[in-house]
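Below is one structure; the comments refer to it alone.
Derivation of every value follows stated rules applied to the coordinates shown; laboratory data play no part. All figures in this text were calculated on a predicted structure; none of them were measured in a lab. Note: ideal-geometry Cβ built from the backbone for every residue, glycine included; neighbour counts use all protein chains shown.
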Amino acid sequence: MSITGAVRAKGPRGAISQRVGQLAPSGIRRFFGLVSSLEGVISLGIGEPDFATPWHVTEAAIYSLEKGQTMYTATYGLPQLRHEVARYLEDRYALRYSPDDELLITVGVSQGLDLATRAILDPGDEVIVPDPGYVAYGSCVVLAGGVPLAVPTSQETDFKLEAPQVEARLSDRTKAIIIGYPANPTGAVMAKGELAGIAEIARKHNLLVISDEIYARLVYGMEHTCFATLPGMKERTILLGGFSKAYAMTGWRVGYAAARAEIIEAMSKIHQYAMLCAPIMGQVAAIEALSSGQAAVEEMVAEYDRRRRVIVKGLNDIGLSCFEPKGAFYAFPSVRGTGMSSEQFAERLLLEERVAVIPGSAFGACGEGHVRCCYAASLSDIEEALERMGRFVSRHSPG
Amino acid sequence: MKEILKTLEGNARATAEQIATMTGKSVAQVKRAIKQAEKERAIVKYKTIINWEKLGEEQVQALIEIKIAPQRDVGFDSIAERIYRFPEARSVYLVSGTYDLAVLVVGSSMHEVAGFVAQKLAPLESVQGTVTHFLLKRYKEDGEILEGETAGVRRLPLTL
Ligand SMILES: Cc1ncc(COP(=O)(O)O)c(C=O)c1O
């Protein structure tokens, strides 16, 4: 995984710390400028819902603002929200977390990842991350002074993280495993039995597991397994959950972390000094989402499922082989048949047919040969994009 | 069946092939389900929601409250039928509250609608009274927002 690029800032007078300097720049920055300069682009490169937040949620937040709820909250988050999260986890997974000291309201899962890695890592500690994987995993590990160990996954095994591959990468310095299923960028999921293999390793080697379950509600034709429900895993797991994807609430910046009290306390120490608290309007909105947003979630999931079937079939039909993604809102087809690298494919597709996708290599070395197509877009856009991609692929098929 | 009809409800022009892909059913299954739903009148009709004002068409709608003296044996049904058989009556509902039937009437002018109410509805035996509310603006119809759509909302073109 290309988390660490060349060390750029040299010498004691360099403005930028080595830790930050070694982070590779985002794999899509170049595309960003390109997309913005073109007209008529259909973007399948967006990692967020295309729905607006359910109105009852937005309305509840507006009402709270009108009432003057514009202040700081407790560092741990609004007590009512912590209670709602505790109730949700208990109803859904029969997991009991104390709202008093085992739950922390965060500024999205993004901040949850930052807090979790900083709370548990000492300099040089190693952390297993899946490759390809969400870009923040490796970067947060680096920023916390740790060393990410990329474990390869591939289309042949539906991009699942395989226990033997994980075990082969472990050393004395390995402190934790980061998993995130359903996964960005692949749409891969891991069933209970498959997660059990990872749990076994965590137990055997005394590892912590940071489980990013932001896409937990977006699964199709299967049940999501919360990692903390596996035997003996609740004590080892830092469960990160959020509202961004399931409730279409990316801009509200709110999520939560659930773990044993010792870890939550450590995370909230950092949170207190670096963030103070999550924004109150986001927290108020999250209370409304949890207490009465379930119907809206189910409606959006049903719509994603329709689009998922259209895009997976469409991609396979035009010759971009695509395993069936059972979660999140991404398809991750192979572009190897075109003879192009993922970057070449993405750039030429954008310039020639004005469809934006994300090169798989932006998510790690094992993402090479694939592109990420997000189907959180309207059906008509998806169909039009598939048509353009079909033209592009047949034009560039070797032979 | 339900999934197929839900998809169709969102877009009546979706083809059997498209619906089959979206629902993970075979084309034959989709066709069969739709045919059966049509036969059972679970699918009542395929319609289009048109914003006629966009075409400069003058169209007047009014919601008429009607108070009825229910008739022996047949209750409200027979008077409701008398009313819904008029093509001018677009929708007819029996409602609870201070009146009994809510009727949506469509015409090409206020005069025409008022005339229909005065000459056809009000004189009906067992109609005790009517109140006419002309619609001034249509914001949303059948779940679709007609005006003031959230135009201009833009997501970032790419996010990881
Ligand atoms: C796997 C994954 N985790 C976390 C996040 C960030 O979520 P949040 O909005 O809660 O910070 C994203 C957003 O794209 C994601 O894809």
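Taking every residue in B:123-136, how many Cβ atoms of other protein chains lie within 10 Å of its Cβ, on average?
Numbers: counts 0, 0, 0, 0, 0, 0, 0, 0, 0, 0, 0, 0, 0, 0.
The per-residue average across the peptide is 0.
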In chain A, lysine pairs with alpha-carbon atoms under 29 angstrom apart (chain gap of 8 or more, or interchain): 26
Neighbour net charge for residue B:137 - beta-carbon separation under 12 angstrom, K R +1, D E -1: -1
Qualifying chymotrypsin sites (Phe, Trp or Tyr not before Pro) in region A:226-308, DSSP loop, other Cβ atoms within 10 Å at most 11: none
Dimensionless Rg ratio for region A:140-285, taking C-alpha atoms and the 2.2 N^0.38 Å reference: 1.09
DSSP-loop trypsin sites (Lys or Arg not before Pro) across region A:132-183, with at most 13 other Cβ within 10 angstrom: A:173
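Please label the shape of chain B as rounded, prolate or oblate, based on the square roots a ≥ b ≥ c of the eigenvalues of the alpha-carbon gyration tensor (a/c under 1.5 means rounded; beyond that, a/b larger than b/c means prolate, else oblate). Present the calculation step by step, with values, prior to reporting the outcome.
On the way: a/c = 2.73, a/b = 1.54, b/c = 1.77.
Note, shape of chain B comes out oblate.
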Residues with amide H under 5 Å from that of residue A:249, placed H, sequence gap 5 or more: A:244
Pairs of alpha carbons in region A:333-399 whose separation is greater than 17 Å (percent): 37
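With a ≥ b ≥ c taken as the square roots of the eigenvalues of the C-alpha gyration tensor of region B:31-126, please select rounded if a/c is under 1.5 and otherwise prolate if a/b is larger than b/c or oblate if it is not? Show your work: numbers first, answer last.
Values: a/c = 2.58, a/b = 1.15, b/c = 2.25.
In terms of gyration-tensor shape, oblate.
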Set of region A:103-124 residues, backbone N closer than 19 Å to the point 7 Å along the Cα-Cβ line of residue A:19: A:110-124
Calculated from backbone phi, Karplus (6.51, -1.76, 1.60) coupling profile of region B:20-27 in Hz, x at Gly/Pro: 4, 4, 5, 9, x, 9, 7, 4
Kirkwood Rh, angstrom, region A:260-399 [1 / mean 1/r, Cα pairs]: 17.7
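What do you get for GluC sites (Glu not before Pro) in region B:44-135 restricted to DSSP loop and a cutoff of at most 15 other Cβ within 10 Å of the site's Cβ?
Details: sites: B:53, B:57, B:58, B:65, B:81, B:88, B:112, B:125; in loops: B:57, B:58, B:88, B:125.
Answer in residue order: B:57, B:58, B:125.
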From the C-alpha gyration tensor of the protein assembly as shown, square roots of 5λ in Å: 51, 30, 22
Per-pair calculated FRET efficiency, R0 = 25 Å: residue B:36 and residue A:378 via Cβ, rounded to 0.05: 0.25
